[in-house]
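Quick note: the coordinates plus some simple rules give every number you see, no bench work behind them. Since this is a predicted model, take the numbers as computed values, not measurements. Quick reminder, even Gly has a Cβ in these numbers, built from the backbone with ideal geometry, and neighbours come from all protein chains shown.
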Amino acid sequence: MAQTSFRSQMVEAFRVRVFFYIGIVLFVFIVVIFQLINLQFVHGAEYVERARSNMEDFVPIVASRGEVFDRNFSTASGNNKVIVSNRASFNISTVPAKFNSKKGMQAALVRLSEIVDLDVKSVMKEYNAVNPWQRIIIREDVSFEKIVKIASHKDIYVNIDWEVAPVRVYNYGSMFSHVVGYIGSISKKEFLELKDKGYRYYQKLGKSGIERQYDEELRGTDGSVKRIVDVRNRTEGEEIGFQPVSGNNVVLTLDLEVQKAAFEAFEGLVGSAIVIKAGTGEVISLVSKPGYNPNAIISKNNQAIIRKLYADTTRPFLNRVIQSKYPPASTFKLVTAISALEEEKWEAERIVNCPGYFVLKGMRDTIIYDYAVFGRINLIEAIGKSASVYFYTMGYKIGPTSIMNYANHFGLNERSGIDLPGEVAGFVPSQKWKRKKLGEGWYDGDTINLAIGQGFLAVTPISMANLVCGIVNNGIIYRPQVVKEIRSPDNSQVLKALEPEKIREIPLTPSTLNVIKTGMRLSVKNGTSRRLSYLPVDFAGKTGTAQTRSVRDSKYTQHGWFIGYGPYGAAPEDTYVIMVMVEYGIAGAATAVPIAEKVFAKMIEQGYFDVQK
């Protein structure tokens with residue numbers, strides 16, 4: 001009986017286990033059925049697309065950036081001057097995740113380096129820094145012949161792709177470098193800041209000049225090509241996903257011939273020059289020397305070249321027109337004269353004896369020398385001959401506040417707002433600033449230094465050009481602009497055109513302006529700018545020689561300035577202003593005026609002026 005009971009218990013336990021395992025099997029079977037339904041019907045289309053994508057490879061087609069023309073562009077002309085263009089080329093790229101291992105990728109790169117100049121270590125370093133599914137550029141600017149070789153041996157160069165990638169060409173090298181700038185690979189930081197605007201990690205980005213300022217207009221929209229590959233990643237077919245759209249073209253306000261004249265006139269010198277159409281703010285020429293060749297630094301592997309340029313003590317990347325500050329020296333005497341006349345603290349007819357030195361009274365009399373003896377002269381003659389003693393006397397008489405106020409009215413302490421990146425503001429001192437910064441009061445010596453553009457004062461070259469524009473325009477200053485218009489990729493439409501933008505208006509009396517202009521004209525007729533007097537157009541100007549340190553007899557420690565305009569007496573809309581600044585240029589008359597002479601001569605040749613002589 002006990003045995004029968006035990007057998008019954010064993011049978012019952014076995015039956016329970018059988019049902020348990022049958023339940024597990026049924027549960028697994030049901031799960032499998034549901035998963036099959038899910039794969040086939042619910043997500044079937046998605047997984048089919050994924051399977052298809054494993055056989056497809058999308059490769060970007062980089063859009064051509066817009067071209068850049070000089071100011072004389074015309075749709076009717078077949079001989080437009082192209083400042084920046086593009087040429088056809090190829091990039092070689094890959095997706096690291098396609099390789100089975102890091103060693104596999106390195107081996108593929110070593111094989112590739114046999115036909116393409118390639119820094120394998122540099123590429124592998126980039127491989128370690130990016131998402132493995134992110135496409136990386138292995139080599140830029142590869143010839144068609146080498147691409148054919150890679151394509152015809154795809155079984156050897158596994159997972160190596162190529163794509164059309166136009167190369168930027170700066171047709172005049174360093175001549176326009178500080179205006180057009182250059183492009184470079186987008187950095188990680190830049191990509192994070194710009195990805196929401198449609199930028200991609202593999203694209204080029206404007207780094208300076210209009211390439212940076214107008215990057216969104218110039219860059220275009222990339223396309224893509226879809227390649228069908230087999231299990232061994234061999235291309236079996238290819239079709240265009242969507243076509244790239246070229247960037248918009250840009251027409252500069254600059255004239256190639258005038259730019260060339262200014263550029264060549266600076267041969268062997270360091271400094272800057274700018275020519276502005278006074279009535280609109282259009283920049284006809286902008287040169288900063290030394291420059292750099294953008295063609296040499298636009299490749300992917302340009303770090304060594306850029307480091308060398310940054311290490312250059314002549315600072316070739318620096319746009320001296322808008323990014324450097326200097327004492328304006330005697331060119332600033334125009335501001336001193338305007339402030340004295342407008343505040344009615346001085347009369348243009350007032351005679352001052354200029355014996356070649358000025359004695360500043362104080363606890364100890366200080367003798368300050370001029371560069372020549374001029375005798376008894378009035379204000380117009382003082383401007384023309386750049387008589388410092390006259391302006392020492394004027395500054396001492398009227399005090400610093402009026403001079404500072406008019407320097408600020410003309411914007412010498414502000415950025416001009418030119419459509420180029422990186423502009424800095426000038427500096428106009430004040431009594432309050434000196435007390436706070438140096439812990440001392442404002443002295444008479446500070447005032448007479450200020451009156452002739454020395455001391456604490458520091459201005460940008462472009463602000464001095466704007467000063468002359470304000471004098472020519474009877475107190476109105478327009479924003480300087482280097483872009484005249486933006487056109488569609490085929491040049492058929494003007495998408496945006498330059499409109500003169502008034503940025504300041506200084507109320508100046510006609511009598512004051514007449515005195516200043518007459519004095520500037522005298523500088524050319526019989527003063528420090530008389531080298532320009534032979535030209536067949538009447539010009540007016542003002543020279544300056546800025547002391548950079550207290551070495552009185554060392555001529556090479558001085559900067560040379562010239563600011564001027566022409567034609568003298570013409571309407572503002574027909575007048576062109578020039579600024580030339582030569583670092584360590586001995587004197588304005590010695591180095592700056594000859595550059596202005598060559599630029600004006602070229603402008604006469606190009607028909608900018610109505611020749612009357």
Calculate the length of the line joining the C-alpha centroid of the stretch 79-122 to that of the stretch 558-613, in whole Å.
49
Subtract the Cα-Cα distance of Tyr443 and Arg87 from 0.36 nm times their separation in residues, and report this length gain in nm to one decimal.
122.0 nm
With a cut-off of 8 Å between alpha carbons and a minimum separation of six or more residues, what is the relative contact order of the stretch 356-395 in percent?
37
So if we plug the beta-carbon distance of Asn79 and Lys496 into 1/(1 + (r/R0)^6) with R0 = 25 Å, what FRET efficiency do we get, rounded to 0.05?
0.55
If one computes the Cα centroid of the stretch 407-444 and of the stretch 509-535, what distance in Å separates the two points?
28
Top positive-direction residue, dipole computed over the chain with Cβ charges, set Leu513, Ile578, Phe562:
Phe562
Relative contact order, percent, of the stretch 429-508 when contacts are C-alpha pairs under 8 Å separated by at least 6 residues?
21
Scoring the chain by relative contact order with C-alpha pairs under 8 Å, at least six apart, yields a percentage of 14
Given the Cα-Cα distance of Lys260 and Gln243 and 0.36 nm per residue of separation, how much length would full extension add, in nm?
2.3 nm
Mind checking the full-extension length gain between Lys361 and Ala304? Use 0.36 nm per residue of separation minus the Cα-Cα distance, one decimal, nm.
14.8 nm
Please rank Ser272, Ser187, Ser299, fewest neighbouring Cβ atoms within 10 Å first, as an exposure proxy.
Ser187, Ser299, Ser272
Computed E for Ser224/Arg111 - FRET, C-beta separation, R0 35 angstrom, nearest 0.05
0.85
Just the Cα atoms of the stretch 56-252, one point each, no solvent: what log10 I(q)/I(0) does Debye give at q = 0.17 Å⁻¹?
-1.20
Relative counts (whole %) of C-alpha pair distances in the stretch 275-399, using bins that are 10 Å wide:
10, 26, 21, 19, 13, 9, 1
Return the distance in nm (one decimal) between the two label points of a simple spin-label model at Asp141 and Thr313, each offset 7 Å from Cα along Cα→Cβ.
3.0
Each label sits 7 Å from Cα toward the beta-carbon; between Val120 and Phe191 the label points are separated, in nm, by 2.5
With the Cα gyration tensor of the stretch 374-486 in hand, give its eigenvalues times 5 under a square root as the equivalent ellipsoid semi-axes, listed largest first in whole angstrom.
28, 21, 10
For a footprinting-style exposure proxy, rank Ile604, Ile138 by other Cβ within 10 Å, fewest first.
Ile604, Ile138
Likely footprinting exposure, Trp433, Trp442, fewest C-beta neighbours within 10 Å first:
Trp433, Trp442
If you wrap a convex hull around the Cα atoms of the stretch 443-529, how much volume per residue is inside, in Å³?
173
Gyration tensor over alpha-carbon atoms, the stretch 106-168, equivalent ellipsoid semi-axes in Å
19, 15, 11
Residue-averaged [θ]222 nm for the chain, counting only DSSP H segments that reach four residues, each worth -39500 (n - 2.57)
-10500 deg cm²/dmol
Can you tell me the orientation of helix 333-342 relative to the chain, as the angle in degrees between its alpha-carbon axis and the longest Cα principal axis, to the nearest 10?
70
Computed from every Cα-Cα pair in the chain, P(r) in 10 Å bins starting at 0 and rounded to whole percents is 3, 14, 20, 17, 13, 10, 8, 5, 3, 2, 2, 1, 1, 0, 0
